[in-house]
Every structure is written in structure tokens, then in C-alpha cells.
Amino acid sequence: MPHKSLGKVMGRKRDLSASGERSVYFTRARWKHWIRYFAVSIIVLLNIGLLLSNIQLFQEGRPFELRQVVFSLFLAIFFDLTVLVPTMLEVDKLWATPDKVILKTLFWTSKIPWDHIRQFHNPLYLTFAILRTPRCCYFLNKRDLQPADELIETIKFKLAKVAK
């Protein structure tokens, strides 16, 4: 893995492997990473607060409207699907080695061999590129993992090399 001090530097680093192939390391700025932790904690607190307020209504026996309960649960599910899940699946650090790709998200690190990657999509209309594996789907933020063009070309090159 890259040196500890590299985590403070935004951008990429190149290393050469024993076979002479280069390994490329991409990371986003730390302040952007910590903002994601803050957003996840706010969404989790919102979920807990909405659910506990509904439980309190039921326990006190106060009259409540079903519309209010359904709306609060719908709001929690909406925020979970639109903010929480994509934030958790967004890649913070990516290290492309000759034999595997190492992806670090907010809560876990995955070491995936290149031949286990099922699909890679880079839609022009999204700020995310999508990397699909058998177990998970990862989002690569093209604005945060700079230079995005080199990142995308590196992944496409490695996948084309495996496909041969």
C-alpha cells in the first residue's frame, strides 16, 4: 500500500511493480472525505429520530394520523436510497495494481482481481463512473478522483488486458 503521508495529498502516485507495470493511486481530498462521514451521521440520526418519534406516538396512545407516519417512513427511505447508499458505495481511494484494484470506501476496503470485475460504465451525463463486481457496485466520482481521464483510461486498459 502507499505510504501513510500520501493520504494527505490529493491526486495520484505511480509505483512500478516487479514485472515493470505501473501501479496508479488515486485519492480525494480529506476534507471531502470527512464531509461524507458527517452526511452519513446526519442521515442515520434522521432515521433514528423519525422512527423513535413514531414509536413514542404509539406508546403514548396519542391520536396520530396514518399519513404522518407513512410520510415520515417514506422520507427516511427516500433519504436512505438517494443519499446514504450512494455515499457508502462511493470510492475514496483507488489503487490500480497490475493484478488487482484496491477500493476504499467510507467503511470498508475491497481488493478485487481485475478478472472479477463484471462491468465498468462511464456515462457522460453522470459525475460518477460505475464499477460492478459480483458482490457490490462502486461509484467513482470523476470530480473527486482526479485526474479522472487517467483513472478511466487505466481501468479500461486493465479490463481490456484481462479480456484478452
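Report summary: the helix-based calculation at 222 nm, which adds -39500 (n - 2.57) for every DSSP H run with n ≥ 4 and divides by the residues of the chain, gives -13500 deg cm²/dmol.
Here the gap between SER41 and MET88, fully extended at 0.36 nm per residue and compared with their Cα-Cα distance, gives a gain of 15.8 nm.
The magnitude of the dipole of the chain, with charges of +1 and -1 set on the Cβ of Lys/Arg and Asp/Glu and taken from the Cα centre, is near 620 debye. Counted by neighbouring Cβ atoms within 10 Å, the residues VAL70, VAL101, VAL24 run from fewest to most as VAL70, VAL24, VAL101.
Sorted ascending by nearby beta carbons within 10 Å, beginning with the fewest, PHE128, PHE71 become PHE71, PHE128. A Förster distance of 22 Å, applied to the separation of the beta-carbon atoms of ASP80 and SER110, puts the FRET efficiency at 0.50.
With the highest mean first, a sort of the peptides 146-156, 55-65 on other beta-carbon atoms found within 10 angstrom per residue produces 146-156, 55-65. Using a cutoff of 8 angstrom between alpha carbon atoms and counting only pairs six or more residues apart, the relative contact order for the chain works out to 21 percent.
Counting lysine pairs in the chain that sit 8 or more residues apart in sequence, or on different chains, and whose Cα atoms lie under 13 Å apart gives 13. This ranking places LYS93, LYS32 by how few other beta-carbon atoms lie within 10 Å of each, fewest first, which gives LYS32, LYS93.
No value in this document is a laboratory result; all are computed from the given coordinates. Note that the structure is predicted; figures quoted are calculated from it, not measured. In this analysis, Cβ positions are derived from the backbone assuming ideal geometry, glycine residues included, and neighbour counts consider all displayed protein chains.
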